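To start, the structure under review is shown below, and the notes come after it.
The values are calculated or read from the model by the stated rules, or taken from the named source; none is laboratory data. Worth saying up front: this structure is predicted, and the values here are computed from it rather than measured. Every residue, glycine among them, receives a Cβ derived from its backbone with ideal geometry; neighbour counts consider all protein chains shown.
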Amino acid sequence: MKFEKVRLCKHISGNKKIVFCKKLSISMKAEHAWQQCINCEFFKPDIEKFQRILRKAWSIETCYPREKSKWTLEKPEVGQCFVTALVVSDYLGGKIAYNKKLDHYFNILDDGTVIDFTKEQFNDLDKIKIDIILTPETLKQNSSNDTIHRYMLLKAKVDKMIKNKLLR
């Protein structure tokens, strides 16, 4: 994700308050531009910056309930895989992979890139294999209210952090 003011994709130009998207041929308030650009096919996210934002957004409140006793500020990825995989798919698209043995979710982008921002919670990273590939929609439809709440909380935090970075 490009966070230099409001230059989100190659189609955006303007100042801090009003921007112009050449692709859509519209002017818009800067605070709305980030929502337009993350959906633009020309928007190329910076995966490392996105991961740093997720790390800052993770909290005990977004942690899987059975993992809360293991969650710390030093290991904030603990218990975050499911909600993180959903948020990553919201921003980057793709499908969600599942490993049965570890009960672990991670992402596969449309170009085949595997993204697993929460793998550090496991000691043996070689054990993370793909058993099932799911769509985000299927996971959301079959999730508990608590899981959807944790996902929405994480998504709201990430949205806010991205918006704040874009408008600085």
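Some points to look at:
- Residue that is surrounded by the fewest Cβ atoms within 10 Å (Cβ to Cβ) [pool: residues in the stretch 113-125 that are more than 12 Å from residue 101 (Cβ to Cβ) and of a type in the set (D, E, K, R)]: 120
- Here residue 143 passes the criteria (1) touching a helix residue (DSSP H, G or I) at 6+ places or on another chain (Cβ under 6 Å); (2) crowded, with 16+ Cβ neighbours inside 10 Å; (3) of a type outside the set (Phe, Trp, Tyr) except the one numbered (1).
- The residue list 100, 157 contains one member that is out of contact with any Gly (no Cβ under 9 Å at 6 or more places or on another chain), within 16 Å of residue 53 (Cβ to Cβ), at pLDDT 90 or above and not aliphatic (A, V, I, L, M), which is 157.
- Meets criteria (closer than 24 Å to residue 73 by Cβ, surrounded by 12 or more Cβ atoms within 10 Å (Cβ to Cβ) and small (Gly, Ala, Ser)) for residue 97: no
- From the options 162, 128, 132, residue that is loosely packed, with under 15 Cβ neighbours inside 10 Å, of a type in the set (A, V, I, L, M, F, W, C) and in contact with a Phe, Trp or Tyr (Cβ under 9 Å, 6 or more places away or on another chain): 132
- Condition met for residue 73 (over 25 Å from residue 142 (Cα atoms), modelled with pLDDT of 90 or more, outside any strand (DSSP E or B) and of a type outside the set (Asp, Glu)): yes
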